[in-house]
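Here's the structure we're looking at; comments come further down.
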Amino acid sequence: MDIAELEDTWQFVGNETVDGVICEKYEVRRASFPDRVGGVCLIDALTKMRIRFTSINKKGDPVVTVNHRNVVLGAPNASCFEVPFEYKRLPLR
C-alpha cells in the first residue's frame, strides 16, 4: 500500500468565524472514503491551531463536534514538568 493511500486530503473551502475567531475552513476526506467528506475542520487563521472539528457520516450529517477552548499560547508553566513528591522512582533493568 502506498503511503499516499493512507493520508487524508484537506480542501480549503473558505473562512468562518467561531466565537469571534477568524478561521480557515477545510473539508477533510478520509483516505478510506475519498469519495465523500469525512469531516470539517476550522483552524485559527492567526495561530494555525485547530478550533473545531466536526465528523460527518455517510449521509453527510454531522455526528460529533469537538471544540478546542481555553487554549493558552506560550510556554507552559515549569511546574507542569515537576514530578510529584509522592511518586517513587523505579529502577530500570
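Readers should treat all values here as calculations from the given coordinates under stated rules, not as data from a laboratory. From a predicted model like this one, the values you see are computed outputs, not experimental measurements. Cβ: placed from backbone, ideal geometry, glycine included. Neighbour counts: every protein chain shown.
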Taking 20 °C and 1.002 mPa s as the conditions, I'd like the Stokes-Einstein D for region 3-81 in µm²/s, using the Kirkwood hydrodynamic radius from alpha carbon pairs.
153 µm²/s
Of all GluC sites (Glu not before Pro) in region 15-93, which ones are in loop regions per DSSP and have a Cβ with at most 10 other Cβ atoms within 10 Å?
Glu82, Glu86
Under 5 Å from the placed amide H of Ile51, counting only residues 5+ away or on other chains, we find Leu42, Ile43, Asp44
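Based on the alpha-carbon gyration tensor of region 43-93 and its eigenvalue square roots a ≥ b ≥ c, which shape applies: rounded if a/c is under 1.5, prolate if not and a/b is larger than b/c, or oblate?
Values: a/c = 3.98, a/b = 1.93, b/c = 2.07.
Because a/c hits 1.5 or more and a/b fails to exceed b/c, region 43-93 counts as oblate.
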Rel. contact order, % - alpha carbon contacts under 8 angstrom, at least six apart, the chain:
15 percent
Output for region 16-73: trypsin sites (Lys or Arg not before Pro) sitting in coil per DSSP, at most 12 other Cβ within 10 Å, listed by number, reads Lys48, Lys58, Lys59, Arg69
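Which of the chymotrypsin sites (Phe, Trp or Tyr not before Pro) found in the chain are loop residues per DSSP with 13 or fewer other Cβ atoms within 10 Å of their Cβ? Write down the numbers at each step before the final one.
On the way: sites: Trp10, Phe12, Tyr26, Phe53, Phe81, Phe85, Tyr87; in loops: Phe85, Tyr87.
Those satisfying the criteria are Phe85, Tyr87.
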